[in-house]
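Have a look at the structure below, then the notes.
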Amino acid sequence: MTGAYPVHLPGPVQPNRRRTFPGTPASVREARRFVAEFLVGCPAREMLTICASELSANAVAHTASGNGGVFTVEVDRPRDGVARVAVTDDGGPSVPMARHDPGSGLLAEGGRGLALVAACTSRWGYIDAYPGRTVWAEACWPVPVPLPGRPRRPADDWHPGPAA
């Protein structure tokens, strides 16, 4: 599955947050914390935090990021009712693919991360980003629509947590 990143649509735009991490397993926990702090109060916080963890772990395990490189995590809220995480790695030999292979066994230790991302988000995809690749996941949730003639209340909008 491929998609374009970023997709910026009209609406109130929140600032992106981007941070680069060393390509080590310990950085996956830090990336998860980074996303969770930015998405405080977001209805999709838990799911996108899990997705960020999966995408970061894949960058460390399956790309040059895990061989002395780095990976970058970006969190974005382009409009009301949408939040996105993206992980850019240093490149690797394989293409991101969600495996839905029941033959791999329920006790297999890996291979289901992108299937989890695909199942738990509104959409996901990847795009080549020199010298690596960006894999992103997006979550959507319903937002209130004001009645005609009534202004939107500030309480209807979710705003990101403190800047990282």
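Taken together, the values in this text are just the output of simple stated rules run on the coordinates, not laboratory data. Predicted model, so just to flag it, every value in this text is computed and none were measured. Please note: Cβ atoms are built from the backbone with ideal geometry, for glycine as well, and neighbour counts cover all protein chains shown.
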Residues other than Gly92 with Cβ under 15 Å of its Cβ, Lys/Arg counted +1 and Asp/Glu -1, net out at -2
If r is the Cβ-Cβ distance from His62 to Trp141 and R0 is 45 Å, what FRET efficiency results, to the nearest 0.05? 0.90
Sum of side-chain charges, Leu39 neighbourhood, beta-carbon under 10 Å (Lys, Arg +1; Asp, Glu -1): +1
For the residue pair Ser122 and Arg18, what label-to-label distance in nm results when each label sits 7 Å from Cα along the Cα-to-beta-carbon direction? 2.3
Explain nothing, just the number: dipole magnitude of region 19-149 about its Cα centre with +1 on each Lys and Arg Cβ and -1 on each Asp and Glu Cβ, in debye rounded to the nearest 20. 180
Net charge of neighbours whose Cβ lies under 14 Å from the Cβ of Arg133, counting Lys and Arg as +1 and Asp and Glu as -1: -4
Based on alpha-carbon centroids, what's the gap between region 121-150 and region 37-103 in Å, whole number please? 13
